[in-house]
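FYI, it's all coordinate maths here, none of it is from the lab. All values derive from a computational prediction rather than experimental measurement. Here the Cβ positions follow ideal geometry from the backbone for every residue, glycine too, while neighbour counts run over all protein chains shown.
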Amino acid sequence: MYKGTEQFAEINKAGYANAVKLASLSLDKAERLTKLNLQAAKVALEQGVEAANTVAGIKDVQELVAVRAKLTEAGVQSALGYSRGVYQIVSEAQADISALAEEAWAAYTKGFAAWVEKAAKDAPAGSDVAVTALKSTVAATTAAFDQFSKATKQVVSFADASVRAATANAESIAKATTKARKVA
């Protein structure tokens, strides 16, 4: 007779391993985000000191306009660089978590399908309909997850393209604004 508890124990071990992987992944991304934030704070402090020193040495209105344009451009570039860094970390985290989820789901469905097969062999006579329904449910759930996964990847791809386009647009606007200020 087949003992299903052993197979469920294996599934639970895999779930525990995946939880540890997820926790490790989360800590890694949090560490990277913290480092990025600290670096951004250092840059902001340095730029603030530089700006204060520059403003303190201004002698006329034309120089004030030039300094203002320079400081604005530096601020926009810093903000864009920071947002790119955050976006990169978040994108990597999303991709890593998606891969982990897909891997876990594949292992789970494979293990559960194997359990169903073994249980079907030991099923009493006349339970064919119930076994077939269970197999059908597993197949339908797997197909639904695959469709959900594909749709999620399409949404993420679209969002990625949109963010990249918006970043490029912001950069071009910042450059155009800086050029316009220099001409004026």
(message) Need the C-alpha centroid separation for the stretch 134-162 versus the stretch 42-109, integer Å.
(response) 33 Å
(request) Place the peptides 32-38, 57-63, 154-160 in order of packing, highest mean first, counting for every residue the other Cβ atoms within 10 Å and averaging per peptide. (result) 32-38, 154-160, 57-63
(request) Identify all aspartates and glutamates with a Cα-Cα distance to Lys135 below 12 Å; exclude those on the same chain that are fewer than 8 residues away in sequence. (result) Glu117
(request) Note the angle between two axes, namely the Cα long axis of helix 4-56 and the longest principal axis of the Cα atoms of the chain, as a number of degrees from 0 to 90, rounded to the nearest 10. (result) 0 degrees
(message) What would the Debye equation give as log₁₀ I(q)/I(0) for the chain at q = 0.17, 0.18 Å⁻¹, counting only Cα atoms as equal point scatterers?
(response) -1.14, -1.20
(message) Apply the a/c threshold of 1.5 to the C-alpha gyration tensor of the stretch 101-148 and tell me whether it is rounded, prolate or oblate.
(response) oblate
(request) Step through the residues of the stretch 109-122 one at a time and calculate ³J(HN,Hα) from phi using the Karplus curve (6.51 cos²θ - 1.76 cosθ + 1.60, θ = phi - 60°), rounding each to whole Hz and writing x for Gly and Pro. (result) 5, 5, x, 5, 5, 5, 5, 4, 4, 5, 5, 5, 5, 9
(message) Filter Lys121/Lys150; Lys42/Lys70; Lys35/Lys153; Lys13/Lys118 down to the pairs with a C-alpha to C-alpha distance above 22 Å, please.
(response) Lys121/Lys150; Lys35/Lys153
(message) Angle check, please: helix 128-183 long axis (alpha carbons) against the longest principal axis of the chain (alpha carbons), in degrees 0 to 90, nearest 10.
(response) 10 degrees
